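Colleague: Handing you a structure now.
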Amino acid sequence: MEHEALDLIGRQDLTLANDGPTSSRSRGLSRCNTPRRDASYTIWKPLNTEAIKIDQLELLEEVDFDITNNQDEIIHRIFEVQRLYVRSLLVLYLHYKKDWMLDRANIGHIFSIEDLETIFGNVEDIIGLDGALLVRMKNEIIGRENDQSIRLGNICCTMFPLFPPLYKTYTQNYTDAINLLDQRCKIVETKYILQEKRNHQISREMDLFSLLNLPLKHITQLFLYFKDLTSCTDEFDPEHADLIKTLELLDDIAFSVNSAVEEKNNLKEMLSMSRKITFSDEV
C-alpha cells in the first residue's frame with residue numbers, strides 16, 4: 001500500500017501544464033529560469049499541510065531497493081537525507097506551529113499569531129517544494145525496472161530552479177525568528193513548553209532551535225552527496241550532464257541563502273550606524 005503521507009504530498013503540490021502559472025504564488029515563482037521539458041514545465045503549488053496529520057509522520061518510511069553499486073548506495077543516502085528532512089519540517093509545522101496556532105488558550109499569552117508567523121516564516125512553502133522533490137525521487141526509485149539506472153539529475157534540474165526564492169525568504173526571516181525565541185525563552189514557562197515538545201517521541205530529541213536551523217544546512221548536505229554521485233557516474237552517461245547541472249543549481253541555492261545572510265548583516269550594520277549618527281547629532 002502506498003504511504004499515505006507521501007501520497008498527500010504528491011497529490012497537492014505538483015501539476016504539469018502547458019499554460020502559465022495559475023495562482024498568485026505560482027506567478028511569483030514563474031520568474032525563475034525553470035528548464036522546460038518538451039512543451040510542459042513544472043508548476044509548483046503549496047502543500048496542503050492541513051491534510052497531513054501528526055500520526056502520519058511515521059508513514060514517511062524508507063523505500064527499499066536493491067543496491068548493486070556505488071551509485072545506488074549514494075542515491076539511497078540522498079533519498080534518506082531528503083526523507084528525514086521533510087519529516088523534520090513536518091514536525092516543525094505540525095508539532096509546533098499548527099499545534100500552537102490551535103492552542104491559543106495555553107500559548108496565546110507567550111506567542112501571538114504574529115509571533116508564530118515570524119518564528120516559522122514560510123516553512124509551509126519549503127515543505128511543499130521539498131515534499132514534491134521527495135515524491136519524485138521516490139517514484140523514480142520504486143519505478144526502476146531490472147538493471148535500469150536511477151536518474152535523479154533530471155528531476156533536480158526541473159525542480160531546483162524553484163528553490164532559491166523560497167530559501168532566501170526563509171533565511172532572511174531566520175535571524176528575527178531566533179531573536180524572538182531568545183526573548184521568549186527568558187520566560188520560565190516558555191522553556192518548560194519547549195522542553196516538553198522536545199521530549200515528545202515525535203521530535204526525536206530535536207529541539208525547536210535545531211529544527212529551525214535545518215533549511216540553512218540542508219542544501220550543503222545535498223551538494224556533498226550529489227558531488228559524490230557525480231564523481232562515480234560515467235561522464236558519457238547522459239545522467240552525468242544533468243548531475244553537473246544539479247551541482248550548479250545547488251550552488252545557486254546556497255548563494256541565495258548566503259546572500260540573504262549578508263543582506264541581513266548589512267542591514268543590521270546600517271541600522272547600528274544610523275543610531276550612532278542620530279545619537280551623535282543629539283549630543
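Colleague: Highest mean first, how do 177-186, 154-163 rank when packing is the count of other Cβ atoms within 10 Å averaged over residues?
Modeller: 154-163, 177-186
Colleague: Which residues does the label zone of Thr118 cover in region 180-214, counting backbone N under 11 Å from a point 7 Å along Cα→Cβ?
Modeller: 180-184
Colleague: What is the spin-label model distance, in nm, from Glu263 to His240 if the labels are put 7 Å beyond Cα along the C-beta direction?
Modeller: Once both label points are built, they end up 3.8 nm from each other.
Colleague: What ranking, highest mean first, results for peptides 130-138, 248-256 when packing means the other Cβ atoms within 10 Å averaged over each residue?
Modeller: The peptides rank, most packed first, as 130-138, 248-256.
Colleague: Something else about it: How big is the equivalent ellipsoid of region 66-172 along its three axes, where each semi-axis is √(5λ) from the Cα gyration tensor, reported in whole Å from largest to smallest?
Modeller: Ellipsoid half-lengths, sorted descending, are 36, 15, 9 Å.
Colleague: Phe255 versus Ala105, label points 7 Å from Cα toward the beta carbon: distance in nm?
Modeller: Taking the simple label geometry, Phe255 and Ala105 are separated by 5.3 nm.
Colleague: Pop a pseudo-label 7 angstrom from the Cα along the beta-carbon direction at both Leu180 and Ser231 and give the gap in nm to one decimal.
Modeller: Going by the 7 Å Cα→Cβ label model, 4.1 nm.
Colleague: Could you state the accessible area per residue of region 149-222 in Å², with a 1.4 Å probe and every protein chain left in place?
Modeller: Per residue, region 149-222 has 47 Å² of solvent-accessible surface.
Colleague: A follow-up question, please. If the limit is 31 Å between Cα atoms, which of Lys186/Lys227; Lys98/Lys245; Lys138/Lys191; Lys98/Lys138; Lys98/Lys217; Lys98/Lys168 go over it?
Modeller: Long pairs (Cα-Cα over 31 Å): Lys186/Lys227; Lys98/Lys245; Lys138/Lys191.
Colleague: Moving to a separate point now. How much of the accessible area of region 101-201, in percent, comes from carbon and sulfur atoms when a 1.4 Å probe is used? Intermediate results must be reported in sequence, preceding the final value.
Modeller: Working: 2160 of 4620 Å².
Heavy-atom surface of region 101-201 belonging to carbon and sulfur, 1.4 Å probe: 47 percent.
The values are calculated or read from the model by the stated rules, or taken from the named source; none is laboratory data. Predicted model only: the values in this text are computed from it and were never measured. Neighbour counts run over all protein chains shown; Cβ positions are idealised from the backbone, glycine included. Calculation scope for accessible area: heavy atoms of the full protein, side chains included, ligands and nucleic acids excluded. Shrake-Rupley method; radii C 1.70, N 1.55, O 1.52, S 1.80 Å.
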